[in-house]
Amino acid sequence: WKARMTIDPTYRVADLDPRIYGSFIEHLGRAVYGGIYDPGHPAADEDGFRQDVIDLVKELNVPIVRYPGGNFVSGYRWEDGVGPVDERPVQLDLAWRSLEPNRVGLNEFARWAKKADSQVMMAVNLGTRGIEDAKHLVEYCNHPGGSYWSDLRRRHGVDKPHGIRVWCLGNEMDGPWQIGHKTADEYGRIAQEAAKVMKWVDPSIELVACGSSHAKMPTFPDWERIVLEHAYDEIDYLSLHTYYGNRDGDLANFLACSLDMDAFIRTVVATCDFVRAKKRSRKTIYLSFDEWNVWFHSNEADKQVEPWQVGPPLLEDVYTMEDALVAGCMLITLLKHADRVRIACLAQLVNVIAPIMTESGGPSWRQTIFYPFQHASNLARGTVMHAPVESPKYDSKDFTDVPYLEAVPVWNQEAGELVLLAVNRGERPLPLEVDVRGFPGARAEEHLVLAHPDVKAVNTKERPNEVVPAKRAVEPVDGGRLAVLLPALSWNVIRLS
Ligand code: AHR
């Protein structure tokens, strides 16, 4: 009962793109209204944005935030959200059966993102709309001036272009639940043409085409192949989305679900490269895993929510300790694929399946899943390393050979730090020996642990610090080997310098 791994500076996966630590704000539930924006709140700033929420987002160190959806974007008219606020229409949002008052639109969101030290990753509506609106939106956001839409932005008080670099070509267009759902051929064609025209307006932008909504979609992975056969030359990234849940209370199986995420990524990479070969192309398509998380706790409650409200309490999952372990395993899986996954978005950021919760008008707090993300985003920057792992394994309902140890090292050469992120999926402590002989003079600095005697423990408004990380003593590196004990069912960060 022991795990071993070797970290050697020669074996590198890739320099990680910081945008792998992205997140997502959709006009959904209380993400915007009552979340980031709450003008009556004592912590609201001059724009109505909650400063306490901005501070928490900054703690997460999120370099890019996808906006404004999600399913919402497939029925959205972005023009409704710009210009004088009092003249903006209230619209029915059919995706979430809510009222959209348009008090926050793209200019306000860009302001918020700036305050949160983040970039905007903008989605265009390819559900009810098409090439022309996408073209206008890029022009409004990114063209300096002297044309109708760019001058309109300037009249709206935003003189300098937003310079939005990454754009999503619609959202989950393979899903029958999507407004304007399309076949792969229909979507592939419109994605290709919209991409072409958007890049004519601003050749510096990067474009993400919709992949499958999850790996169990009946059209997966033909969807990817067909979309790429149409749009390969015009796009830069293909999206992946996935959510997991412990619906039948099977912890071992739930903790193993990142193996499914890993297989999903491998299949999409293979499909991209198949189309590359077929097209005799020299271009590589990268992945944007722009929705990932645990999502299931709120499913039943959401059915009871009254329709046509502004900011209804939708998708308000209260995350447990075990959810934090799954989020940690998912993060590690993304990092292991940093050679192809350049962008990823924890879905979402505030109130809606989120690491940050608020009470409208009241306090804000960190959910359990906040911590693995915060640790990885702040500490694991630099080069992701290949590190062979020897670990005891188990079988579960849907998976075989699940390693108890899930781990990835990231080497920050600039800071002179080696950071190991590790999850122990086992119900007893796991001794781990790490061979760091390739890093002569390496010193163990810190061991952070997130664990709780009750895997169902949660953080709430009343008990916001029930599940918080703690520091553990570290043994010195001895003869190039580090011995560390990973507590039962724990998320760990081991820092060496
Ligand atoms: O993140 C919540 C929803 O999940 C998004 O709106 C949609 O894209 C996905 O199905």
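The values are calculated or read from the model by the stated rules, or taken from the named source; none is laboratory data. Everything numeric here is computed off the predicted structure, so don't read it as measured data. Counting neighbours? That spans all protein chains shown, and the Cβs are built from the backbone with ideal geometry, glycine included. Protein only, heavy atoms only, side chains kept; ligands, DNA and RNA dropped before computing areas. Shrake-Rupley method; radii C 1.70, N 1.55, O 1.52, S 1.80 Å.
Inspect all residues belonging to region 123-132 and state whether any of them is more than 16 Å from the ligand (Cβ to nearest atom), free of Cβ contacts under 8 Å to residues at least 60 places away in the same chain and surrounded by 20 or more Cβ atoms within 10 Å (Cβ to Cβ). Yes; the residues of region 123-132 include at least one that is more than 16 Å from the ligand (Cβ to nearest atom), free of Cβ contacts under 8 Å to residues at least 60 places away in the same chain and surrounded by 20 or more Cβ atoms within 10 Å (Cβ to Cβ). Residues in region 186-207 that are surrounded by 24 or more Cβ atoms within 10 Å (Cβ to Cβ) and under 24 Å from PRO144 (Cβ atoms): ALA194, ALA195. When ARG437, ARG428, ARG463 are screened for being of a type in the set (Lys, Arg), touching a Gly at 6+ places or on another chain (Cβ under 9 Å) and in a loop (DSSP other than H, G, I, E, B), only ARG437 passes. The sole residue among ARG225, ARG189, ARG247 that is within 30 Å of VAL455 (Cβ to Cβ) and more than 19 Å from the chain's Cα centre (by Cα) is ARG247.
Among residues of region 16-28 that are within 10 Å of the ligand (Cβ to nearest atom), those with a Cβ under 6 angstrom from a residue that is assigned to a loop (DSSP other than H, G, I, E, B) and open to solvent by 10 Å² or more (accessible area, probe 1.4 Å), sequence gap 6+ or separate chain, pair up as LEU28/TRP96.
For region 86-108, a residue qualifies if it is within 16 Å of the ligand (Cβ to nearest atom) and not small (Gly, Ala, Ser), and the qualifying residues are ASP93, LEU94, TRP96, ARG97, GLU100.
Among residues that are outside any strand (DSSP E or B), within 16 Å of the ligand (Cβ to nearest atom) and not acidic (Asp, Glu), LEU56 is not included. Out of region 85-126, which residues are of a type outside the set (Phe, Trp, Tyr), outside any strand (DSSP E or B) and over 29 Å from ILE205 (Cα atoms)? Answer for region 85-126, where residues must be of a type outside the set (Phe, Trp, Tyr), outside any strand (DSSP E or B) and over 29 Å from ILE205 (Cα atoms): ASP86, GLU87, PRO89, VAL90, LEU94, ARG97, PRO101. Elements of the type helices (runs of 4 or more DSSP H) sitting completely within region 245-331 and holding at least 3 residues that are modelled with pLDDT of 95 or more and either touching a Pro at 6+ places or on another chain (Cβ under 7 Å) or among the aromatic types (Phe, Trp, Tyr) (or both): these cover 258-278. For region 218-238, state whether one or more residues are modelled with pLDDT of 95 or more, open to solvent by 10 Å² or more (accessible area, probe 1.4 Å), more than 16 Å from the ligand (Cβ to nearest atom) and among the hydrophobic types (A, V, I, L, M, F, W, C). Yes, region 218-238 has at least one match.
Candidates are the residues of region 60-85 that are open to solvent by less than 10 Å² (accessible area, probe 1.4 Å) and away from the ligand (no atom under 11 Å from the Cβ); the one that is farthest from VAL158 (Cα to Cα) is LEU60.
Among the residues of region 277-328, write down those that are within 14 Å of the ligand (Cβ to nearest atom), in contact with a Leu (Cβ under 7 Å, 6 or more places away or on another chain), farther than 26 Å from ARG19 by Cα and touching a residue at least 40 places away in the same chain (Cβ under 8 Å). Passing the criteria: SER298, LEU314.
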